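Taking it in order: structure first as C-alpha cells, then the write-up.
Each value in this text was obtained by applying a stated rule to the coordinates, not by laboratory testing. On a predicted model such as this, the values are computed, not experimentally measured, just so you know. Heads up, the Cβs are rebuilt from the backbone with ideal geometry, glycines too, and the neighbour counts pull from every protein chain shown.
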Amino acid sequence: MMPDPWARGRRLVAQPPGEGPTRFSFPFTRRYVHASLPAGVPGSYLLLDRTGRPMYVGRSDQCLRQRLLSHPLRARATHFTTAIADNPRGAFLLECYWWHRYRRDGLELLNKIHPVTYDLTVTCPFCDSTAATIAA
C-alpha cells in the first residue's frame with residue numbers, strides 16, 4: 001500500500017478523550033496553507049509548537065489564508081489547524097472558545113490577552129465581559 005503523501009508531517013492535535021472531534025494539524029508552510037484553505041473565508045486558527053501543543057489562538061474576519069501567510073509567528077510555529085466560519089462573528093466565537101479552552105487546560109499561550117470583541121454587540125460568551133485578561 002502506497003503511503004499518503006498528505007499524511008507526511010501531519011499530526012493529531014492532542015485532546016483529552018471525549019473532548020470532541022480529533023483535529024488534524026498541518027505543517028505551517030505556504031504549500032499547506034494554500035492547499036487547506038480557500039481564499040476569502042473568515043475563521044479561527046491554532047498555531048502549534050514542535051511538540052504539537054497550541055501556542056497561539058487567532059482569527060481572521062476576512063481571509064484566513066492571508067492571515068496565516070503573513071503571520072508574524074511563521075518562524076516559530078511548526079504546525080497549524082483551522083476552523084472556517086460562516087461570518088466574522090462566528091470566527092470571533094471560535095477564537096473565544098479555543099482561547100478559553102486552552103487557557104483552562106493550563107497551556108501558556110503567547111496571546112495572553114483575551115480576543116478583542118468582534119463589535120460592541122458581540123461579547124465573549126465564555127467569560128464576564130469586564131474581565132478582558134486572565135492573569136498569566
Problem set entry | Cβ-defined net charge surrounding L64, 13 Å radius [Lys, Arg +1; Asp, Glu -1] | 0
For this session: Taking the Cβ of Y118 as the centre, find all other residues whose Cβ is under 14 Å away and add up their charges (Lys, Arg: +1; Asp, Glu: -1).
Result: -2
Exercise. What spacing in nm lies between the two simple spin-label points modelled at E108 and C127, each 7 Å away from Cα in the Cβ direction?
Worked result: 1.9
